[in-house]
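Okay, so here's the structure we're looking at.
The values are calculated or read from the model by the stated rules, or taken from the named source; none is laboratory data. Since this is a predicted model, take the numbers as computed values, not measurements. Positions of Cβ are backbone-derived with ideal geometry, glycine not excepted, and every protein chain shown enters the neighbour counts.
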Amino acid sequence: MTCFSYFKIRLANTLLIATLLSVNSPPILSDPITVNLPNNITANADYREGNAQKPAVLILHGFMTTYNLNIVQFIANELESHGYTILAPTLSLKINNRQSGASCDAIHTHTMETDVEEVLWWLNWLRSKTNKDIIVIGHSTGSLQLAIALSRSPPSYVKKAILTAPAYLSGKPFPQDIEKKEIALANGLKSKNDISLNKYHLSFCKGNFVAPYNVFLSYKFWTADRLIETIQNIKIDHTIILAGADTRFLPNLYRKLEQTKVKIVTIDGSNHFFSSPHELEFLELISNELE
C-alpha cells in the first residue's frame with residue numbers, strides 16, 4: 001500500500017466516524033431565557049451553563065437575525081461541548097419578545113447606538129449571572145457592534161474578542177448612486193428634524209428598510225474604514241477570522257485589515273457564513289482561540 005493510499009483510507013475512516021457521530025449523537029439543547037430590558041421590552045437569549053472553571057462566552061448574531069442563526073448555533077454547540085457557559089442573545093431591535101428575523105419593511109426605530117447599549121447590557125447580565133470572565137464572539141454586524149463597544153470602554157471582565165466576517169454598512173459594493181442619494185435625503189430630513197418614515201437601501205434590504213432618518217444614518221455611518229479604525233482601537237486581546245471567499249464585501253477590506261497589526265486568520269474559500277465544507281475548520285479555529 002502506498003503512503004498516499006494509506007492516508008486516503010485514514011481520511012475516509014475519520015469522515016465516516018464524524019458522520020456517524022453527528023447522526024447518532026443527541027442534539028445539544030439550548031436553554032431559552034426571557035428577560036426585561038431597562039426600556040421595558042422583553043428580550044430572548046440562548047443560555048447554557050457550563051463548567052465552573054471555564055469563562056463564559058457571549059455570541060452575537062448578525063444584522064436583524066436572531067440567536068437561532070445557524071452559525072450562532074454551530075458555535076454555541078461546539079463551545080458548550082468543551083464546557084463553556086454560553087449566552088447568545090437576540091437583540092430586541094426595540095421589538096417586544098422578538099423571536100424571528102426582523103423584516104426589512106417593518107418600521108425600524110432601533111439604531112446602532114441602541115444595539116450597542118443592549119450588547120453592553122447583556123454583558124453585564126452575563127457577568128452578574130456567572131461572576132465569570134467573558135469572551136465575546138461576533139458574526140458579521142455582530143462583530144462590528146462588539147468592536148464598537150470594546151473600542152470605547154470595555155468592561156474589565158471581558159478578556160478577549162473573536163470577530164468573524166466583520167461587516168460594514170456603507171460604501172462599495174453597495175450601489176453608490178443610490179447610497180449617495182439616500183444619505184442626502186436623510187441629511188435633508190435631519191436638517192428639518194423631520195422624522196417621517198422613508199424606504200432605504202441597507203445591508204440586504206433593497207429599498208425597503210422603513211425608518212426615520214436617524215435610524216438609517218446611524219447604520220450608514222459605518223463604512224469599511226470606520227470598521228477598520230474601530231477594530232484597531234479595541235483595547236483587549238482580539239482576533240479576526242475572515243472568510244476568504246466572502247462576496248458580501250470588497251476584497252480590499254480584507255487587504256486593509258491584513259495590513260494592520262491585528263491578528264488575522266483567513267479561511268480560504270469560505271463564504272460569509274463559514275458553511276460546509278469549511279465549518280469544521282472554522283469551529284476548530286474558534287476553539288483554539290479560546291484555549
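At-a-glance table
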| quantity | calculated |
| --- | --- |
| Hey, I162 crowded, with 19+ Cβ neighbours inside 10 Å, touching a Lys or Arg at 6+ places or on another chain (Cβ under 6 Å) and hydrophobic (A, V, I, L, M, F, W, C) or not | no |
| Residue that is surrounded by the most Cβ atoms within 10 Å (Cβ to Cβ) [pool: residues in region 45-68 that are out of contact with any Gly (no Cβ under 7 Å at 6 or more places or on another chain) and hydrophobic (A, V, I, L, M, F, W, C)] | I59 |
| Some residue of region 15-32 being at pLDDT 95 or above, closer than 26 Å to E118 by Cβ and either of a type in the set (A, V, I, L, M, F, W, C) or touching a strand residue (DSSP E or B) at 6+ places or on another chain (Cβ under 8 Å) (or both) | no |
| Hits in region 231-258 - residues which are part of a helix (DSSP H, G or I) and either out of contact with any Leu (no Cβ under 6 Å at 6 or more places or on another chain) or acidic (D, E) (or both) | I231, Q232, P251, N252, L253, R255, K256, L257, E258 |
| Any hit, region 55-69, residues being modelled with pLDDT of 95 or more, of a type in the set (G, A, S) and in a strand (DSSP E or B) | yes |
| Options S128, S92; residue that is of a type in the set (S, T, Y) and either touching a helix residue (DSSP H, G or I) at 6+ places or on another chain (Cβ under 6 Å) or in contact (Cβ under 8 Å) with a residue 24 or more places away in the chain (or both) | S92 |
| Selection status of L227, over 23 Å from P55 (Cβ atoms), buried (at least 18 other Cβ atoms within 10 Å of the Cβ) and more than 17 Å from the chain's Cα centre (by Cα) | no |
| Region 96-115, subset β-branched (V, I, T) and surrounded by fewer than 19 Cβ atoms within 10 Å (Cβ to Cβ), residue farthest from the chain's Cα centre (by Cα) | I107 |
| Residue list for region 261-291, filter: part of a helix (DSSP H, G or I), loosely packed, with under 14 Cβ neighbours inside 10 Å and polar (S, T, N, Q) | N288 |
| Enumeration of residues in region 145-184 that are closer than 21 Å to I234 by Cα, modelled with pLDDT of 95 or more and assigned to a helix (DSSP H, G or I) | Q145, L146, A147, I148, A149, L150, S151 |
| Complete set of residues in region 185-224 that are surrounded by fewer than 20 Cβ atoms within 10 Å (Cβ to Cβ), of a type in the set (V, I, T) and outside any loop (DSSP other than H, G, I, E, B) | V210, T223 |
| Near pairs, Cβ below 9 angstrom, 6+ apart or cross-chain, from region 60-77 (touching a residue at least 60 places away in the same chain (Cβ under 8 Å)) to any residue that is part of a loop (DSSP other than H, G, I, E, B) and β-branched (V, I, T) | V72/T65; V72/T66 |
| Number of the exception - L123 against (1) in a loop (DSSP other than H, G, I, E, B); (2) more than 13 Å from the chain's Cα centre (by Cα); (3) buried (at least 22 other Cβ atoms within 10 Å of the Cβ) | (1) |
| Tally of residues being in contact (Cβ under 8 Å) with a residue 12 or more places away in the chain, out of contact with any strand residue (DSSP E or B) (no Cβ under 6 Å at 6 or more places or on another chain) and not in a helix (DSSP H, G or I) across region 100-120 | 7 |
| Residue among L290, L197 that is out of contact with any Gly (no Cβ under 8 Å at 6 or more places or on another chain), among the aliphatic types (A, V, I, L, M) and under 29 Å from P55 (Cβ atoms) | L290 |
| Residues of region 73-95 that turn out to be within 20 Å of S276 (Cβ to Cβ), buried (at least 21 other Cβ atoms within 10 Å of the Cβ) and in contact with a Ser or Thr (Cβ under 8 Å, 6 or more places away or on another chain), as a count | 2 |
| Of all residues in region 234-273 being of a type in the set (A, V, I, L, M, F, W, C) and modelled with pLDDT under 90, the one that is farthest from E284 (Cα to Cα) | L250 |
